[in-house]
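Visitor: One structure follows; several queries about it will come next.
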Amino acid sequence: FPPGLHGIYGECRRLYPDQPNPLQVTAILKYWLGGPDPLDYVSMYRNLGNPALNVPEHWHYVSFGLSDLYGDNRVHEFTGTDGPSGFGFELTFRLKRETGESAPPTWPAELMQGLARYVFQSENTFCSGDHVSWHNPLDNSESRIQHMLLTEDPQMQPVQTPFGVVTFLQIVGVCTEELHAAQQWNGQGILELLRTVPVAGGPWLITDMRRGETIFEIDPHLQERVDKGIETDGSNLSGVSAKCAWDDLSRPPEDDEDSRSICIGTQPRRLSGKDTEQIRETLRRGLEINSKPVLPPINAQRQNGLNHDRAPSRKDSLESESSAAIIPHELIRTRQLESVHLKFNQESGALIPLCLRGRLLHGRHFTYKSITGDTAITFVSTGVEGAFATEEHPYAAHGPWLQILLTEEFVERMLEDLEDLNSPEEFKLPKEYSWPEKKLKVSILPDAVFDNPLH
C-alpha cells in the first residue's frame, strides 16, 4: 500500500471514521502510465456539517496525486522528508448537499483533475488566497458560480508522510463580481467576507451552485469594506497572463530585419531562464485571460507550506515576493527605448486601471505575460527596487520583456484618460490612447489580432 497514499487516508479516517470505504473516482489509466488524469483518485465523503456553527450538510471531496504517493520517482521526484511531498498539497472541495441527494455528484472530480493538469503542465503551485479565473459554471450548468478562490481546508490538518509534508487546499466557488473584488483587493479579504455570509459559504466556505446572489447583493455594506480595503491596501494581484504585445516605435520602420519584432539584434529570441523565473514570481497571484476555462500562473513550488498575503510594503521589489531573491541580470544588456506602443485585448485592457490604482499608486509593480508568446510587459512605480527601467529611461527591455516606469503624477493622469476602461462594454474596438509628450501609446484590440501569430 503506497506510503504517501496511506498518510492521506489516515487524515481522512480521522475525520470520517464511519466511512472507511468512501465513493471514489479513479483514473482508469494512471498519469504515470500515459493517462490524461494526474490525480490517481478523488474520494467523496458525506459531511454532516455543524449545526451549532450553521454549517450545512455537504459532500467533501479529497484529491490524491498532487503529492507524492509512491516515493519511487514514477510521478514526483523524491526530495526527502523535510520539504513538500510532490507539489506539497492536495485539493479539497465542499459542495452543499441538495435535499434528497443520496450520492455525491462526480463533476467536482473532473474540476479537480483540470486544476491538477494545470499544475503538472506548468509546474506552478497554488496557495491560500489564490484565485482561478474559470469563465464557466463549475458544473457546466447555468450557475453564477463560475470562478474559484483557494483557501486552507477548515478541518484537514497537514500530514507528514515518508515523502514530505502534504497540506490541503480547498476550492471555493465564487461569482464573477467576487472574483473581480479579489483581483482588485486580495483573495484572503474576500474569503473572510464569504465566511460571514452563510448562504455564500459560511465558516467552512461550502460552495452552493444554486446561489443566485453575490455577497454584495446579499449585504451591500460588504462592498464598502472592499472599497476601503482597496484604498488602504491596494491590490495583491501582481500580474496576469494576457493577450498583449508591444512595439518599439523608436526603431525606424525600414529596420525590419525581423519584421520589427521586439527581439532584435543581439537580443535573445527567448526569455532567459532568470527572466522567466522572475516573471513567474511576479505572477504569483495571476489569472489567465481567455475565452475558455483557463488557470492562473501562480508561483513555483514553495518550500514552507502555504504563504499568506503579506502586509503591504511601500517599497516593493521585482524580486520574488515569496522566496529567495533572484540573481540580478548583470550579463544581459538592457535596451533603452524612446517610444513604445502597448497592445492589449479588451479583457486585459480592463485591468489597466487596477494595475495603476491598485498597484503602482501603492509603490508596487504589475506584469502582463503573453499567453501567445514570450512577450512580457511590467509596469513599475518609482518605489520598486530591482527594476531596469529608471526615471531617466522609463522604457527599457531585456529581449521581449519590457518594463515601463510611471511616475505617480503620470499614473493619476492616465487614470483620468483611461476612465472609460472601467466600462469596457460601452466602447467599440479598436480603441487607442496616446500621450505624445511621453511617447507612449496604448491600443485595445480585438482578440483575433492576438490569435494571429503575425500580429
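Visitor: Please note which strands (runs of 3 or more DSSP E) are completely contained in the range 36-126 and include at least 2 residues that are buried (at least 24 other Cβ atoms within 10 Å of the Cβ) and either over 24 Å from the mean Cα position of the chain (by Cα) or not aliphatic (A, V, I, L, M) (or both).
Guide: Values: elements: 41-47, 58-64, 84-96.
Per the criteria, 58-64, 84-96.
For (1) farther than 29 Å from CYS355 by Cα; (2) among the charged types (D, E, K, R); (3) not assigned by the TED database to the domain that holds VAL132, each residue gets a yes or a no:
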position: VAL172; (1), (2), (3): no, no, no
position: GLU177; (1), (2), (3): no, yes, no
position: GLN188; (1), (2), (3): no, no, no
position: THR196; (1), (2), (3): no, no, no
position: TRP204; (1), (2), (3): yes, no, no
position: THR207; (1), (2), (3): yes, no, no
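Visitor: Can you find, within the range 157-180, the residue that is modelled with the lowest pLDDT among those that are open to solvent by less than 10 Å² (accessible area, probe 1.4 Å) and aliphatic (A, V, I, L, M)?
Guide: LEU179
Visitor: Among what's in the range 127-156 and is surrounded by 17 or more Cβ atoms within 10 Å (Cβ to Cβ) and among the small types (Gly, Ala, Ser), pick the residue that is farthest from THR79 (Cα to Cα).
Guide: SER143
Visitor: Residue under question is ASP447, and the condition is that it be touching an Asp or Glu at 6+ places or on another chain (Cβ under 9 Å) and without any contact (Cβ under 8 Å) to a residue 12 or more places away in the chain; does it hold? Reasoning before the result, please.
Guide: Values: touching an Asp or Glu at 6+ places or on another chain (Cβ under 9 Å): yes; without any contact (Cβ under 8 Å) to a residue 12 or more places away in the chain: no.
No.
Visitor: Name the pairs whose Cβ atoms lie under 6 Å apart, with the first residue in the range 118-145 and closer than 18 Å to GLY88 by Cα, the second basic (Lys, Arg), and 6 or more positions between them or separate chains?
Guide: Going by the 6 Å Cβ cut-off, the qualifying pairs are ASP130/ARG285.
Visitor: Additional query: From the set of residues in the range 219-263 that are among the polar types (S, T, N, Q), modelled with pLDDT of 80 or more and surrounded by 15 or more Cβ atoms within 10 Å (Cβ to Cβ), which is nearest to LYS438 (Cα to Cα)? Reasoning before the result, please.
Guide: From the range 219-263, those among the polar types (S, T, N, Q) are 223, 232, 235-236, 238, 241, 250, 259, 261; that's our starting set.
Those left that are additionally modelled with pLDDT of 80 or more: 223, 232, 235-236, 238, 241, 250.
Those still in the list that are surrounded by 15 or more Cβ atoms within 10 Å (Cβ to Cβ) too: 223, 235-236, 238, 241.
Values: GLN223: 36, SER235: 26, ASN236: 28, SER238: 24, SER241: 26 Å.
In this case the residue turns out to be SER238.
Visitor: Can you confirm whether TYR368 is open to solvent by 10 Å² or more (accessible area, probe 1.4 Å) and either assigned to a loop (DSSP other than H, G, I, E, B) or closer than 20 Å to ALA242 by Cα (or both)?
Guide: Numbers: open to solvent by 10 Å² or more (accessible area, probe 1.4 Å): no; either assigned to a loop (DSSP other than H, G, I, E, B) or closer than 20 Å to ALA242 by Cα (or both): yes.
No.
Visitor: Checking GLY229 against (1) in contact with a Phe, Trp or Tyr (Cβ under 6 Å, 6 or more places away or on another chain); (2) in contact (Cβ under 8 Å) with a residue 60 or more places away in the chain; (3) not assigned by the TED database to the domain that holds ILE377, which single condition isn't satisfied?
Guide: (2)
Visitor: How many of the residues in the range 181-213 are more than 20 Å from PRO104 (Cα to Cα), crowded, with 20+ Cβ neighbours inside 10 Å and out of contact with any helix residue (DSSP H, G or I) (no Cβ under 6 Å at 6 or more places or on another chain)?
Guide: So the answer is 5.
Visitor: Consider PRO453 against the criteria (1) at pLDDT below 95; (2) surrounded by fewer than 16 Cβ atoms within 10 Å (Cβ to Cβ); (3) in a strand (DSSP E or B): it satisfies all of them except one. Which criterion is unmet?
Guide: So PRO453 meets the others, but not (3).
Visitor: Can you find, within the range 15-35, the residue that is nearest to ARG94 (Cα to Cα) among those that are touching a residue at least 24 places away in the same chain (Cβ under 8 Å) and open to solvent by 70 Å² or more (accessible area, probe 1.4 Å)?
Guide: If we take residues in the range 15-35 being touching a residue at least 24 places away in the same chain (Cβ under 8 Å) and open to solvent by 70 Å² or more (accessible area, probe 1.4 Å), then LEU23 is nearest to ARG94 (Cα to Cα).
The values are calculated or read from the model by the stated rules, or taken from the named source; none is laboratory data. In this text, all values refer to a predicted model and were calculated from it rather than measured experimentally. Reconstructed Cβ throughout: ideal geometry from the backbone, glycine too, with neighbour counts over all protein chains shown. Surface accessibility is based on the protein's heavy atoms, side chains included, excluding ligands, DNA and RNA. Shrake-Rupley method; radii C 1.70, N 1.55, O 1.52, S 1.80 Å.
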